[in-house]
1. Would it be correct to say that residue 73 is modelled with pLDDT of 85 or more and exposed (fewer than 14 other Cβ atoms within 10 Å of the Cβ)?
2. Give the residue, chosen from 18, 4, that is in a helix (DSSP H, G or I) and surrounded by fewer than 10 Cβ atoms within 10 Å (Cβ to Cβ).
3. Would you call residue 35 part of a helix (DSSP H, G or I) and surrounded by fewer than 15 Cβ atoms within 10 Å (Cβ to Cβ)?
4. Take residue 61 and tell me if it is touching a helix residue (DSSP H, G or I) at 6+ places or on another chain (Cβ under 7 Å) and modelled with pLDDT of 90 or more.
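The values are calculated or read from the model by the stated rules, or taken from the named source; none is laboratory data. Since we're looking at a predicted model, the values are computed, not measured. Because the Cβ atoms are built from the backbone with ideal geometry, glycine has one as well, and the counts that use them run over all protein chains shown.
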């Protein structure tokens, strides 16, 4: 909807404020997901190193590795969405 308004040049101050709020929400979510991704990475490495002591630690290592893979994929899409919102923000500021 905002893209259409940008193309038509009919962006209002309300659209600008709403986009800023959405960017703030996405930045918060991005921070939380970054912390969770780092935690999963840390625990994956920890269980991998403990796997040299006992093979039983390799079971949670592989489980965490699968979760880490999906978290990285999700974080990639989240980051791309935030970058898209930044481009929209720049286009709106040029129009206002």
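1. Values: modelled with pLDDT of 85 or more: yes; exposed (fewer than 14 other Cβ atoms within 10 Å of the Cβ): yes.
So residue 73 fits the description; yes.
2. Working: 18 fails: surrounded by fewer than 10 Cβ atoms within 10 Å (Cβ to Cβ).
That would be 4, the only listed residue that is in a helix (DSSP H, G or I) and surrounded by fewer than 10 Cβ atoms within 10 Å (Cβ to Cβ).
3. Details: part of a helix (DSSP H, G or I): yes; surrounded by fewer than 15 Cβ atoms within 10 Å (Cβ to Cβ): yes.
Against the criterion (part of a helix (DSSP H, G or I) and surrounded by fewer than 15 Cβ atoms within 10 Å (Cβ to Cβ)), residue 35 qualifies.
4. On the way: touching a helix residue (DSSP H, G or I) at 6+ places or on another chain (Cβ under 7 Å): yes; modelled with pLDDT of 90 or more: yes.
Spelling it out, residue 61 is indeed touching a helix residue (DSSP H, G or I) at 6+ places or on another chain (Cβ under 7 Å) and modelled with pLDDT of 90 or more.
A quick yes/no check of all residues on (1) without any contact (Cβ under 8 Å) to a residue 40 or more places away in the chain; (2) assigned to a helix (DSSP H, G or I); (3) within 25 Å of residue 9 (Cα to Cα):
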{"position": "39", "(1), (2), (3)": "yes, yes, no"}
{"position": "50", "(1), (2), (3)": "yes, yes, no"}
{"position": "58", "(1), (2), (3)": "yes, yes, no"}
{"position": "66", "(1), (2), (3)": "yes, yes, no"}
{"position": "84", "(1), (2), (3)": "yes, yes, yes"}
{"position": "91", "(1), (2), (3)": "no, yes, yes"}
